[in-house]
Amino acid sequence: MATPGATDDSSMPSLQLQPKFCFRSLQDMVPARVVLYMLSFSGFLVSFMLRTDINIAIVAMVKLPSTPTNSTEAQEKYCFVPPTSNVSEQPDVNITSLSEEGEFDWKPKTQSAILGSLYWWYFLSQIIGGVLTHQFGTKIVFGFSQLVTAVCSLLIPQAAVFHYSALIVLRSIQGFVSGLTWPAMYALIGHWIPSNERSRFMSSIQGMSLGIGLTYPLCGFLIAHYGWRIVFYTTGSIGLCWCVVWWLLAFDLPHKHPRITRSELAYIQRTIGNTVIGRKEMKVPWMSILTSAPAWAIGVTTFGRIWVYYVFIIYGPLYMKTVLGFSIQKNGLLSGVPFLCSYLLSVIFCYLADYLIVHGILSLTNVRKLFTAVSQIIPGLLLLAIGYLGCEINLVLVSWFIAVTVITAAFAGAMANAVDIAPNLAGPVLAFAQTIHMSASFLSPLTAGVILEEDTSLVAWRKVFGTAAVVAIGTYSMFQLCGTAEVQSWNYPDGKIPAKTAPEDLQLLSAKPLEKNNFESAAES
């Protein structure tokens, strides 16, 4: 029989551990997958701030292209009267004025090289990113990429003043390391996120749209009040701060996470099952990936979407200045708002996709094809219409807004498909697909630069938009013909698809899976 003293001693540890227990319970209210979602979301937000800040900054850095001095001739080719030396004569305070004249006399071809240099090595680093992620994990690869990109951003003002070639070198470095982020994050999704949550988790990658949407108005404000240099100091500093948070909270595998609850870990292991193994336990079957029609379908069809997307991202601000004649602040706002809204719509698309899957309304393959079609055919047609709307500015802006927002349906379509067909090799598969489709990220601005070299009028822009529309709609046919959501046999070490898990283990959580796991975690605690 225990003595009174012993009873008192045994009760002491529980009293001492009570504060820790309460703090742990508070931690368990936030599933590790939610933290991962926020890291992914904020990571892509910061990444695209660092990549796209120059797209709006270059509008203020470079001198205006020459336009016809005759007002009648100008209105036939542009949607504004060129600014005169007397600023008070300008009809609209929102119209570009002489006070916004840049300091660099860079020709359109030089500007195209600066804007496109980010993507010269970007698409080549996809394969390298897949290999590095397979070897070192997402935490190191993604974090290193963000760190280098942020440091380069801080150096851009000095490089631009020195010579535009130095600026191109920095942008090329940024592009190469930025290319590592995609296969790195996809590999993490394959290990962490069950198939019935992947469409929703993919909306975290749409942090990129929010990053663009915030960058353009923010940069417009900073440039108008403090000059273009402050833009790069601001985005670079934000990037460095994010790297610290990532290093403290990111973990490659669920079972290595120090805070994950047993119920959440069991849920992940049960729903992902044996489709995913340790990344070092198998070699990447590159030949199988290179000869896979579904993998090619992802790369080819997304090539068209990327082509259209980068017309909006890279050349959108330039179009709004040189043709529509908007001031830098109005330019930033109108360029950014569609991307802000596109994030909200991407969440809706992803939840709708999961709803269609969970309730058996459409198969996973048909869901991927439906949302891929929405993300490419509609923007392609609208972009074609913008070219012929001319100076009907309200209609142009509405069409522009809708096109940018519906592009995000791809995150419930082809962009999620790499994890579907090979959850264990999502990083390498995406690296292969991105090597194909990210080539559009430099071919698109290069083509636009060639078209606009001698002429920046509405006629030339119509050619830019028409080319993008044809590419987007034409490449979608590949996904319609060869796309699938079935896990491929080469996803497994022995090349054989294992027996299906019991139906009750694959039961999709139709209500609120994260909330359910929270209650289970609290009960276990």
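The values are calculated or read from the model by the stated rules, or taken from the named source; none is laboratory data. No experiment lies behind these values; they were computed from the predicted model shown. Positions of Cβ are generated from backbone atoms using ideal geometry, with glycine treated the same way; all protein chains shown enter the neighbour counts. Accessible surface areas use protein heavy atoms only, side chains included; no ligands, DNA or RNA. Shrake-Rupley method; radii C 1.70, N 1.55, O 1.52, S 1.80 Å.
Consider the range 241-261 and keep the residues that are in contact (Cβ under 8 Å) with a residue 60 or more places away in the chain and in a loop (DSSP other than H, G, I, E, B). The one that is farthest from Leu39 (Cα to Cα) is Thr261.
Determine if the range 420-443 includes at least one residue that is over 21 Å from the mean Cα position of the chain (by Cα) and either at pLDDT 85 or above or open to solvent by 10 Å² or more (accessible area, probe 1.4 Å) (or both). Scanning the range 420-443, I find at least one residue that is over 21 Å from the mean Cα position of the chain (by Cα) and either at pLDDT 85 or above or open to solvent by 10 Å² or more (accessible area, probe 1.4 Å) (or both), so the answer is yes.
With the requirement that a residue be outside any helix (DSSP H, G or I) and either among the charged types (D, E, K, R) or open to solvent by less than 20 Å² (accessible area, probe 1.4 Å) (or both), what does the range 367-415 give you?
Gly390, Glu392, Gly413
Here Leu364 passes the criteria (1) over 18 Å from Arg200 (Cα atoms); (2) touching a helix residue (DSSP H, G or I) at 6+ places or on another chain (Cβ under 6 Å); (3) open to solvent by 10 Å² or more (accessible area, probe 1.4 Å) except the one numbered (1).
In this structure, Ile289 does not satisfy being modelled with pLDDT of 80 or more, closer than 30 Å to Asn331 by Cβ and open to solvent by less than 20 Å² (accessible area, probe 1.4 Å).
Every listed requirement among (1) in contact with a Ser or Thr (Cβ under 6 Å, 6 or more places away or on another chain); (2) without any contact (Cβ under 8 Å) to a residue 60 or more places away in the chain; (3) aromatic (Phe, Trp, Tyr) is met by Tyr216 save one, (2). Looking across Val308, Val300, Val323, Val231, one residue alone is in contact with a His (Cβ under 9 Å, 6 or more places away or on another chain), in contact (Cβ under 8 Å) with a residue 60 or more places away in the chain and closer than 30 Å to Val398 by Cα. It is Val300. Residues that are farther than 15 Å from Ile306 by Cβ and either of a type in the set (Phe, Trp, Tyr) or in contact with an Asp or Glu (Cβ under 7 Å, 6 or more places away or on another chain) (or both) within the range 446-486 comprise Trp461, Phe465, Ala485, listed in sequence order.
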